[in-house]
Amino acid sequence: GLLVAMSNRLSEVLESNEFLARLGGDEFVAIQRKSATDDDTPTLAARIERALEQPVSLEGKIIKSEVSIGAAIFPRHGADPETLLSNADAAMYRAKTGVGTSVSIFDQGMDEILRKRRKLANDLNQTVASGELEVFFQPQALVRNRKVVGFEALARWKHPEYGYVSPTEFVPIAEENGLIIDLGEQVLRKSCEFAADWPADYRLAVNVSPVQIKHSDLALSVRKILESTGFSPQRLELEITESVFIDNLERTLGTLQSLKDMGVSVVMDDFGTGYSSLRSLIAFPFDSIKIDKSFIGKIGHCNQAEEILRSVLGLSENLGFDVIAEGVEDEAHVEFLRSERCKIMQGFLLGEPECHRSTERRIVHGHQVLGFQYPQVSEDKVTPANAA
Ligand code: C2E
Ligand code: MG
Ligand code: MG
């Protein structure tokens, strides 16, 4: 529906020397034949941009789309169609990731970036296919007494040439080419296998990409993995960002509900960084929310951020869901969270993400962390002195 509306709009703004085709997915290519000057390219781009940025009304809903446009000009940016297309693609990628620009014209530097990205995509594909992707675990503890209650699984990729590549770099690549579906399943399967050996009171949190919900049967694959690993659904939490609600709301809600019906908890990750965090709380009954580390980092520096944290913690108490604070890095953070009755925390202060062997060692040896012990610390024994 949306694509049809968009195509119609595009055809309307084209002039007689211009031609439009859909490449697949939500990608279109517009070709402009030999114009008098290069200066016409920006006007075509501007016309397209204007046409697509107008909201579309579809089945009673108003949809506003984001447009990214990349342009390559013959013969400067390529002498054959393949090169021109691939360079226009590189420019579009820049437009997509750049700040404040939705139109971008190719230059040689982009070629480098795109080539590196293609290489990463290829190499990641191989790593996932051969099952070599690693999973690290970061402890989560009660704010009250620092007792460990579980771990968050975080994907780790050791590239043969570049060393560890950050998930903030490779997850978007995997989301763009669909590899995230296999990658996400692999992370879930591996972490459930590991966690099945932990004491039964430890929970496991695993990140799920909105792409997995949109383009795969997540509920089915979770059920299969739980069955084959024997991991209890009651111990599993799936972390998902609110961007999952951007489109296909009904399908998303259906999937999240089937997960809840299985006994799996659903957590809103990165709370406070999106455009409509509060609205998302109404859309679905999350079991808990995870306040983004950007807020925690402002404790002690920014009154406004502290006030927002207080309100969110109060709100969650009234609405009946738990709050997990991420990015806890110092004692001042813990003190604030304790006084505001936040339940769970996670951060470098308690432990960095570690491989599963180190995680198991921690569990077996009583978790010596930064001078204090968890999980056996009893509530009254924790004073700032023995915790520091
Ligand atoms: P996230 O889910 O919000 O994970 C928390 C990130 O904060 C992790 O980064 C973690 O290492 C980092 N972190 C933990 N404690 C602290 C702290 O005290 N201070 C600071 N500054 N950072 C802290 P990481 O591992 O680089 O992961 C980044 C993001 O990549 C994750 O953010 C998540 O969105 C995504 N990601 C990681 N693994 C997966 C995965 O298996 N599937 C999906 N879909 N996404 C993943
Ligand atoms: Mg997370
Ligand atoms: Mg987060």
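Here are some notes:
- Helices (runs of 4 or more DSSP H) within the stretch 289-353 that include 3 or more residues within 26 Å of Val206 (Cα to Cα), open to solvent by less than 20 Å² (accessible area, probe 1.4 Å) and within 16 Å of ligand 1 (Cβ to nearest atom): 331-339
- Any chance Ala51 is under 30 Å from Glu250 (Cβ atoms), surrounded by 12 or more Cβ atoms within 10 Å (Cβ to Cβ) and more than 28 Å from the chain's Cα centre (by Cα): yes
- Residue among Glu242, Glu176, Glu237 that alone is at pLDDT below 95 and within 16 Å of ligand 3 (Cβ to nearest atom): Glu242
- Number of residues in the stretch 118-153 that are surrounded by 17 or more Cβ atoms within 10 Å (Cβ to Cβ), more than 16 Å from Pro167 (Cα to Cα) and within 15 Å of ligand 1 (Cβ to nearest atom) equals 8.
- Reported count of residues in the stretch 283-293, each being at pLDDT below 95 and either of a type in the set (S, T, N, Q) or farther than 12 Å from Ser316 by Cα (or both), is 2.
- Matching residues, the stretch 86-138, being among the hydrophobic types (A, V, I, L, M, F, W, C), modelled with pLDDT under 95 and either touching a helix residue (DSSP H, G or I) at 6+ places or on another chain (Cβ under 8 Å) or closer than 22 Å to Arg76 by Cβ (or both): Ala88, Ala90, Ala91, Met92, Ala95, Val103, Ile105, Phe106, Met110, Ile113, Leu114
- Single match in Glu227, Glu175, Glu185 (criterion: within 16 Å of ligand 2 (Cβ to nearest atom) and acidic (Asp, Glu)): Glu175
- The lone exception for Ile180 - which of (1) open to solvent by less than 30 Å² (accessible area, probe 1.4 Å); (2) away from ligand 2 (no atom under 16 Å from the Cβ); (3) free of Cβ contacts under 8 Å to residues at least 60 places away in the same chain it fails: (2)
- Those residues of the stretch 154-177 which are open to solvent by less than 30 Å² (accessible area, probe 1.4 Å), in contact with a Lys or Arg (Cβ under 8 Å, 6 or more places away or on another chain) and under 24 Å from Ser288 (Cβ atoms), in sequence order: none
The values are calculated or read from the model by the stated rules, or taken from the named source; none is laboratory data. Because the structure is a prediction, the values reported are computed rather than measured. So basically every Cβ, Gly included, is an ideal-geometry build from the backbone, and we count neighbours across all protein chains shown. Each accessible area value is taken on the protein alone, full model and side chains, heavy atoms only, with ligands, DNA and RNA left out. Shrake-Rupley method; radii C 1.70, N 1.55, O 1.52, S 1.80 Å.
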